1. Against the conditions (1) modelled with pLDDT of 95 or more; (2) closer than 25 Å to residue 174 by Cα; (3) crowded, with 19+ Cβ neighbours inside 10 Å; (4) more than 13 Å from the chain's Cα centre (by Cα), where does residue 108 fall short? Just the number, please.
2. Would you mention how many residues in the range 149-202 are surrounded by fewer than 16 Cβ atoms within 10 Å (Cβ to Cβ), closer than 28 Å to residue 49 by Cα and in contact with a helix residue (DSSP H, G or I) (Cβ under 8 Å, 6 or more places away or on another chain)?
3. With the requirement that a residue be surrounded by fewer than 13 Cβ atoms within 10 Å (Cβ to Cβ) and closer than 30 Å to residue 165 by Cα, what does the range 42-95 give you?
4. Say whether the condition of being within 24 Å of residue 207 (Cβ to Cβ), surrounded by fewer than 16 Cβ atoms within 10 Å (Cβ to Cβ), in contact with a helix residue (DSSP H, G or I) (Cβ under 8 Å, 6 or more places away or on another chain) and in contact (Cβ under 8 Å) with a residue 40 or more places away in the chain is met by at least one residue in the range 119-139.
5. Can you pull out every residue in the range 45-80 that is closer than 30 Å to residue 212 by Cβ and in a loop (DSSP other than H, G, I, E, B)?
């Protein structure tokens, strides 16, 4: 590509970004109804859960349109912690605070990380981290989803998805989905547990995705 063509491509890209920014400012707001997410089953297979309310300070910091935090317990003694944070189009569709930041801020050390398949048939990938604090190790898997994409694993995925969403419609909402479990024996067992749980969970969330309608105010 010649220097002139590169300059033209950059100019076109900046024009598109500016047009999206202008459109986002002048379009009517969207009213979010995230109540469907609250109906996520408290029992998933043999897993039974209890809700863990977020502290007011944490909820204010996250600035999500909807938060759900639960602990699922299995009869065999296993535990999976779940967090879902939903952000409507008007909130930017993506969280400001991600596990990459929140765990170190909470005193956890990230020992390793990778991207893996949770459910290849559904196209679900996840970020995975092994974290440690005070001698306790947890395995964490998290991904982002939108109304059109069930699995986004990084900021570039989210930006591209948002641009496509804006180009094909007015909706560009999203959510952070995070699951974690203590590493009791080995990472393989913990990973198998999370992958099985996450695969089922994603299908349940997909059928309970929030609605957005043009604001009447």
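1. Unmet for residue 108, out of (1) modelled with pLDDT of 95 or more; (2) closer than 25 Å to residue 174 by Cα; (3) crowded, with 19+ Cβ neighbours inside 10 Å; (4) more than 13 Å from the chain's Cα centre (by Cα): (2).
2. 2
3. 60
4. Quick first cut of the range 119-139, residues within 24 Å of residue 207 (Cβ to Cβ) only: 119-127.
From what is left, the residues that are surrounded by fewer than 16 Cβ atoms within 10 Å (Cβ to Cβ) are 120-123.
The next check asks that each one be in contact with a helix residue (DSSP H, G or I) (Cβ under 8 Å, 6 or more places away or on another chain); those that pass are 122.
Within this subset, residues satisfying the condition of being in contact (Cβ under 8 Å) with a residue 40 or more places away in the chain are 122.
Yes, because at least one residue in the range 119-139 is within 24 Å of residue 207 (Cβ to Cβ), surrounded by fewer than 16 Cβ atoms within 10 Å (Cβ to Cβ), in contact with a helix residue (DSSP H, G or I) (Cβ under 8 Å, 6 or more places away or on another chain) and in contact (Cβ under 8 Å) with a residue 40 or more places away in the chain.
5. Matches in the range 45-80: 52, 53, 54, 55, 63, 64, 65.
The values are calculated or read from the model by the stated rules, or taken from the named source; none is laboratory data. The shown structure was predicted, so the numbers you read here are calculated from the model rather than taken from an experiment. Ideal geometry is used to build each Cβ from the backbone, glycine not excepted, and the neighbour counts take in all protein chains shown.
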